[in-house]
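Asks: Here you go, one structure.
Since every read-out is calculated from the coordinates, none of them should be taken as a lab result. These numbers come from a predicted model, not from an experiment. All Cβ positions, even for glycine, are placed from backbone atoms using ideal geometry, and neighbour counts span all protein chains on display.
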Amino acid sequence: MIVAERKPLGEIIGFIEDFRKVLVIGCGGCATVCLAGGETETKIVGSALRIAARKAGRQQQILEDCVTRQCEPEFVEPVPGRLGDENIDAVLSLACGVGVNLLAERLGDVPVFPGLNTKFLGATAEPGVWVEMCAGCGNCVLHLTGGICPVARCSKSILNGPCGGSSDGKCEISPDVDCGWELIIRRMERLGTLDRLVEIAEPRDWSSSPHGGPRRVVREDLRQLAAEAEEEKATTA
Ligand code: SF4
Ligand code: SF4
């Protein structure tokens with residue numbers, strides 16, 4: 001999932017304090033799973049903003065909503081209509097950055113502010129702790145490393161590790177950080193595939209990573225199906 005955490009309340013108040021009517025929108029996807037921006041957190045943030053406005057003597061109305069997923073156009077489709085009907089003049093999104101971007105593209109003149117800091121792609125390690133597991137590099141090499149990611153879980157993202165700085169299974173950057181390459185080696189030992197690491201990984205082409213500019217995935221088969229459905233709709237209308 002995409003892991004995010006709420007921005008400090010003071011920062012959020014700074015974004016919205018000049019607006020008369022603000023809609024706080026949560027997300028039922030990853031932001032719910034990582035307990036940062038689901039329905040419950042939306043209600044908590046809404047209440048906190050109302051209390052802060054009252055204490056500061058601001059005439060401000062805070063409304064709340066939570067959509068199934070802010071990263072899917074079909075779920076954010078009703079939002080612009082609601083803004084117009086209820087004269088809402090700013091939106092605070094409690095989704096990841098994808099949700100904020102999508103709302104910003106669709107909400108015309110209404111400003112959208114981020115209520116969360118989007119952190120990484122990761123998983124729950126223990127209650128209250130999430131760890132990064134994939135850096136979205138666009139060319140997965142997990143088949144070579146026993147399913148443990150050297151890009152996200154090695155602090156230097158090296159593909160021929162370890163670097164020599166690890167100590168007692170921890171990375172040289174901190175005793176709190178597991179050495180990703182130690183994890184890879186232990187895993188490959190268990191799988192009986194350690195001998196594969198003898199092969200030196202070639203320098204990789206990083207153009208599929210985020211540093212190559214905004215990326216796209218295009219599925220021509222799905223585009224074709226959508227075009228056919230549109231055509232059928234037009235002929236039966
Ligand atoms: S190799 Fe790339 S795609 Fe695969 S898990 Fe690591 S960062 Fe993600
Ligand atoms: S100690 Fe391990 S995780 Fe840290 S940089 Fe070196 S190989 Fe990577």
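Asks: If you consider only alpha-carbon coordinates, what radius of gyration and Dmax does segment 136-237 have, in Å?
Replies: Reported Rg and Dmax, both Å: 20.7, 69.
Asks: Relative to 2.2 N^0.38 Å, what does the C-alpha radius of gyration of segment 58-130 come to as a ratio? Two decimals please.
Replies: Its radius of gyration relative to the 2.2 N^0.38 Å reference: 1.26.
Asks: If packing is taken as the mean number of other Cβ atoms within 10 Å per residue, what is the order of 109-120, 55-66, highest first?
Replies: 109-120, 55-66
Asks: State which entries of K43/K233; K7/K55; K43/K156 exceed 29 angstrom in Cα-Cα distance in the structure shown.
Replies: In this structure, K43/K233; K43/K156 exceed 29 Å between Cα atoms.
Asks: Also, I was wondering about something else. Once phi is turned into θ = phi - 60°, what whole-Hz ³J(HN,Hα) does the Karplus curve with 6.51, -1.76 and 1.60 give for every residue of segment 54-60, x standing for Gly and Pro?
Replies: Karplus values, whole Hz, x for Gly and Pro: 4, 5, 8, x, 8, 7, 9.
Asks: Report the full-extension gain for the segment F120 to C134: residue separation times 0.36 nm, less the Cα-Cα distance, to one decimal in nm.
Replies: Gain in length upon complete extension: 4.3 nm.
Asks: Using only the alpha carbons of the chain, what is the convex hull's orientation-averaged projected area in square nanometres?
Replies: That works out to 18.2 nm², a quarter of the Cα hull's surface.
Asks: Give the calculated FRET efficiency between E74 and R187 to the nearest 0.05, with a Förster radius of 30 Å applied to their Cβ-Cβ distance.
Replies: 0.15
Asks: I'd like the antiparallel share, as a percent to the nearest 5, of DSSP beta bridges with both residues in the chain.
Replies: 45 percent
Asks: Distance from the Cα centre of segment 118-166 to that of segment 174-196, in angstrom?
Replies: The two parts, judged by their Cα centres, are 11 Å apart.
Asks: Build a GNM of the chain with springs between Cα atoms under 10 Å: which of R50, R187, R223 gets the top mean-square fluctuation?
Replies: With Cα springs under 10 Å in the chain, the top fluctuation among R50, R187, R223 is at R223.
Asks: Among the trypsin sites (Lys or Arg not before Pro) in segment 1-47, which ones are in a DSSP loop with at most 15 other Cβ atoms within 10 Å of the Cβ? Mind listing them?
Replies: Of the trypsin sites (Lys or Arg not before Pro), the ones in loops of segment 1-47 whose Cβ has at most 15 other Cβ atoms within 10 Å are R20.
Asks: In the Gaussian network model of the chain, springs joining C-alpha atoms below 10 Å, which of A53, A152, A95 carries the largest mean-square fluctuation?
Replies: A53
Asks: While we're here: For n ≥ 4 DSSP H runs only, could you compute -39500 (n - 2.57) per run for the chain, divide by its residues and tell me the 222 nm figure to the nearest 500?
Replies: -10500 deg cm²/dmol
Asks: Over all distinct alpha-carbon pairs, what is the Kirkwood Rh of segment 2-119 in angstrom?
Replies: Evaluated on segment 2-119, it is 13.8 Å.
Asks: Then there is this: As an exercise, use a Förster radius of 35 Å and the Cβ-Cβ distance of A234 and A104 to find the FRET efficiency, rounded to the nearest 0.05.
Replies: Efficiency at R0 = 35 Å is approximately 0.65.
Asks: What are the ³J(HN,Hα) couplings of segment 180-189, residue after residue, when phi is run through the Karplus curve with 6.51, -1.76, 1.60 and θ = phi - 60°? Round to Hz, x for glycine and proline.
Replies: Once θ is set to phi - 60°, the couplings for segment 180-189 become x, 6, 4, 4, 4, 5, 4, 5, 6, 4 Hz.
Asks: Sorted by average packing, counted as other Cβ atoms within 10 angstrom per residue and highest first, what order do 83-92, 163-172 take?
Replies: With the highest mean Cβ count within 10 Å placed first, the list reads 83-92, 163-172.
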